[in-house]
Amino acid sequence: MTLSTQMLESIHQNVECGIFAVDADCRVIYWNPSAERITGRTAAEMIGNTCRDMQCTALLEQEKHNSDTCSLLENNTKETLTSECVLRRPDGSMVRVLKSSRVLRDESGGIIGAVESLTDVSSIKPDLTANFRDGQQHDETAPVPGMIGRGGAIREVYRLVRFAAESESTVLVTGESGTGKELVARAIHQLGRRSNGPLVAVSCSALPETLLESELFGHVKGAFSGAVRDKVGRFELAGGGTIFLDEIGDISPLIQLKLLRVLQNQEYQRVGESATSTADVRVIAATNKNLLDAVRSGEFREDLFFRLKVFPITLPALRDRKSDISELAGHFIERFNLKTGKHIRRIDPEAMKLLMDYCWPGNIRELEHAIEYAFVICQGEEITPFMLPQEILRVEYRKQFCPQGQQGSLAGTRPSLDEAWLAPARRTRPSREQLLSALESSGWNQSATARFFDVSRVTVWNWINKYGIRKP
């Protein structure tokens, strides 16, 4: 079947993506309705004018000079060009699009124009990574890629992440273990000018001094015993991109000195080599230590400290952003549902109160592990209090994990779970009412009930039979 001109025109008029064509002078000769909808510019406005009038702001640094169809026509060696950019509509709003262009040639092979498609990807890829540099207004405190939460403390972090991404300055990310320091580094890299380059992460506490020096800067064959071939270091691997130095507070004085040289002169030497190499990298460092205290005690170089903290970002502990716990827990539930094939849909209100009341010394990482623990136990669609780890559920365990003043009140637990009421039951056999209450609270999970009473599952089973309890 041959498509008629009328049918082709009908297809172009009804396809979801915008389609337009230009002649050899880059003048628009065709502009379909979807192009009007996406760009906010009518065919009457565009036909006869250059496609540069669309005001495309490219995301990547190399695209910032309006990479568009005209660029394709100017380069005879390319037949197609694909890029992602942001278009400014006449009303000032922005739309993210994927642009795909192809050269049109006549029978003799000469270029007569090009056809281009515009796909609106705003709903597929939310405008979180847009890195506009032309002064337009946008929400600086909106969530950044990879991070979750909308409370005031974390929104300030989002704002600083965006500022850091706009620069090439060295960033020092501080905060307790488990607060998401690597996520901040990844967001800065993804939003920054070097996003097209590699992001190389190094855990500085994982290796001894000699191996860490080789890992960071590389070595030449024969530099030391076991160096049987040349090795490329992480700084070289990160060329054109970002290097993330995690746990920077644990590096030795020798590595501190060598890193200081990199930050001062952008130069380094491979182990066993006298030649100097240039480090074309953006440095982001992180630590859970108080580096200023380490400087005062002589454990960390003062000059390196101030070189690292050009732009500091401090992450709040989870206990200081409890309004985000529900959203974070929901995120982990979605993740573990995909991983395990389960279909857990919610957290019991009493269980959520326990999560909100806990001090979270391990921060977000500990919350993730608590949800994973509940997934191991939960066989239904709801996480109940008895499915949570013991340090969250029980006061006597909580006292071991939480400092004085951070142990919570347990005000959210239902009366049937009151510690004073159930304490005698943990030393002896519980009453029928106590056992029934515990079973109901655990979703009739005998293993969880057994953990609560510090007995075996067989003991709980015997109690159930003795009292003649039947699951409703």
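Structure data summary
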| read-out | value |
| --- | --- |
| Too-long pairs where the Cα-Cα distance tops 25 Å, listed order kept, from 231/289; 181/231; 339/471; 181/322; 181/309 | 231/289; 181/231; 339/471 |
| Rounded if a/c under 1.5, otherwise prolate or oblate - the range 425-470, Cα gyration tensor axes | rounded |
| For the range 152-314, size of Cβ-based charge dipole, Lys and Arg +1, Asp and Glu -1, in debye | 380 debye |
| Packing-based order for 383-395, 206-218, using average beta carbon neighbours within 10 Å, highest first | 383-395, 206-218 |
| Calculated from backbone phi, Karplus (6.51, -1.76, 1.60) coupling profile of the range 376-384 in Hz, x at Gly/Pro | 5, 8, 5, 10, x, 10, 9, 8, 9 |
| Anisotropy class of the range 225-264 from Cα gyration tensor, a/c 1.5 cut | oblate |
| Projected-area average for the range 176-307 over all orientations - Cα convex hull basis, square nanometres | 8.3 nm² |
| Estimated FRET transfer efficiency when R0 is 45 angstrom, pair residue 269-residue 400 (beta carbons, to 0.05) | 0.40 |
| C-alpha center-to-center spacing [the range 291-350, the range 173-197] in angstrom | 12 Å |
| Relative contact order [Cα under 8 Å, 6+ residues apart], the range 158-227, whole percent | 25 percent |
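A short reminder: the numbers here are calculations on the coordinates, not readings from a lab. Because the structure is predicted, anything quoted here is derived from the model rather than measured. Neighbour counts are summed over all protein chains in view; Cβ atoms, including those assigned to glycine, are modelled from backbone coordinates with ideal geometry.
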